[in-house]
Amino acid sequence: DAGVTQSPTHLIKTRGQHVTLRCSPISGHKSVSWYQQVLGQGPQFIFQYYEKEERGRGNFPDRFSARQFPNYSSELNVNALLLGDSALYLCASSLRSGGKNTEAFFGQGTRLTVV
Amino acid sequence: GNSVTQMEGPVTLSEEAFLTINCTYTATGYPSLFWYVQYPGEGLQLLLKATKADDKGSNKGFEATYRKETTSFHLEKGSVQVSDSAVYFCAHYNTDKLIFGTGTRLQVFP
């Protein structure tokens, strides 16, 4: 079975532009979460979606938005890009939306560089 | 608030040396605890986990024990290999998200 797949793998954008990142979860997984990992830091939670509904949101500005589709794939959108948005964006899928035994599986990430 | 604190790296070891990477956490209740590993240019891979006090997670020679009394989940391996060189992240699950530490880079030399 395929793991979590993200596209594109690398992306270069200019300040002020908009970007869309895509994620396909593991087959059968209904929850997708997005994390931002700035160089040298641990991943920071951005959003969680379960059954196409937003279940959690981290401390990120409204320029960040996401959605989940009927096939459970997800998109992360970032508007008005800033230099500080340069990071590795990780998508994680899990069977459930939460709980002690929830196990998250991560994709390879999308490396976004804003110039 | 909820947080995870890891020892700063890099940790530099010779092959076959003993490894300890310290991790302590702050959380409400008794969260599940995880160690993830990130190899260069890759995403995160789950290394091991523990879901309740005194549980020991283990995988690929790595072990960590959930210590409620000290709120710790230290990672250990008896004999590291060059292929273990990576960044290791301690994390706990809080309601709807994982809370990660800043990561500890391990460098193993032959």
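From the list B:Gly1, B:Gly43, pick out the single residue that is open to solvent by 50 Å² or more (accessible area, probe 1.4 Å) and modelled with pLDDT under 95. Can you show your working first?
Details: B:Gly43 fails: open to solvent by 50 Å² or more (accessible area, probe 1.4 Å).
Among B:Gly1, B:Gly43, only B:Gly1 is open to solvent by 50 Å² or more (accessible area, probe 1.4 Å) and modelled with pLDDT under 95.
Output the residues belonging to the stretch B:32-56 that are small (Gly, Ala, Ser) and not in a strand (DSSP E or B). Full working, then the answer.
Step one: of the stretch B:32-56, the residues small (Gly, Ala, Ser) are B:32, B:41, B:43, B:50, B:53.
Across the stretch B:32-56, the qualifying residues are B:Ser32, B:Gly41, B:Gly43, B:Ala53.
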Those residues that are more than 9 Å from chain A (Cβ to nearest Cβ) and either of a type in the set (A, V, I, L, M, F, W, C) or open to solvent by 60 Å² or more (accessible area, probe 1.4 Å) (or both), I need them from the stretch B:26-40; list them, please.
B:Thr26, B:Ala27, B:Thr28, B:Leu33, B:Trp35, B:Val37, B:Pro40
Can you tell me which residue within the stretch A:74-113, out of those that are modelled with pLDDT of 95 or more and charged (D, E, K, R), is least open to solvent (accessible area, probe 1.4 Å)?
A:Asp85
When the stretch B:73-110 is examined, which residues are found to be closer than 17 Å to A:Ile46 by Cβ and part of a loop (DSSP other than H, G, I, E, B)?
B:Thr95, B:Asp96
Condition (residue is touching a Gly at 6+ places or on another chain (Cβ under 8 Å) and more than 9 Å from every other protein chain (Cβ to nearest Cβ)) applied to the stretch A:21-29: is it met by at least one residue?
yes
Filtering the stretch B:46-60 down to residues that are open to solvent by 60 Å² or more (accessible area, probe 1.4 Å) and within 10 Å of chain A (Cβ to nearest Cβ) yields B:Lys49, B:Lys52
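Residues that are of a type in the set (Val, Ile, Thr), at least 2 per element: which strands (runs of 3 or more DSSP E) completely within the stretch A:23-115 meet that? Please lay out each step first, then the result.
Details: elements: A:31-37, A:44-50, A:53-57, A:64-68, A:74-78, A:87-94, A:110-114.
By residue number, A:110-114.
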Take the stretch A:58-76 and flag every residue that is of a type outside the set (Gly, Ala, Ser) and more than 22 Å from A:Leu39 (Cβ to Cβ).
A:Asp62, A:Arg67, A:Gln68, A:Phe69, A:Pro70, A:Asn71, A:Tyr72, A:Glu75
If you scan the stretch B:77-96, which residues turn out to be open to solvent by 50 Å² or more (accessible area, probe 1.4 Å) and either within 9 Å of another protein chain (Cβ to nearest Cβ) or in contact with a helix residue (DSSP H, G or I) (Cβ under 7 Å, 6 or more places away or on another chain) (or both)?
B:Thr95
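Inspect all residues belonging to the stretch A:48-68 and state whether any of them is open to solvent by less than 10 Å² (accessible area, probe 1.4 Å) and within 12 Å of chain B (Cβ to nearest Cβ).
Yes, the conditions are met somewhere in the stretch A:48-68.
Going by the structure shown, is A:Leu11 surrounded by fewer than 18 Cβ atoms within 10 Å (Cβ to Cβ), out of contact with any Phe, Trp or Tyr (no Cβ under 8 Å at 6 or more places or on another chain) and part of a strand (DSSP E or B)?
Numbers: surrounded by fewer than 18 Cβ atoms within 10 Å (Cβ to Cβ): yes; out of contact with any Phe, Trp or Tyr (no Cβ under 8 Å at 6 or more places or on another chain): yes; part of a strand (DSSP E or B): yes.
So A:Leu11 passes the test.
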Mind counting the residues in the stretch B:57-72 that are not charged (D, E, K, R) and not in a strand (DSSP E or B)?
4
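The values are calculated or read from the model by the stated rules, or taken from the named source; none is laboratory data. What you are looking at is a predicted structure, and each value in this text was computed from that prediction instead of being measured. Cβ: placed from backbone, ideal geometry, glycine included. Neighbour counts: every protein chain shown. When the accessible area is computed, the model is the full protein with side chains, heavy atoms only, and any ligands, DNA or RNA have been set aside. Shrake-Rupley method; radii C 1.70, N 1.55, O 1.52, S 1.80 Å.
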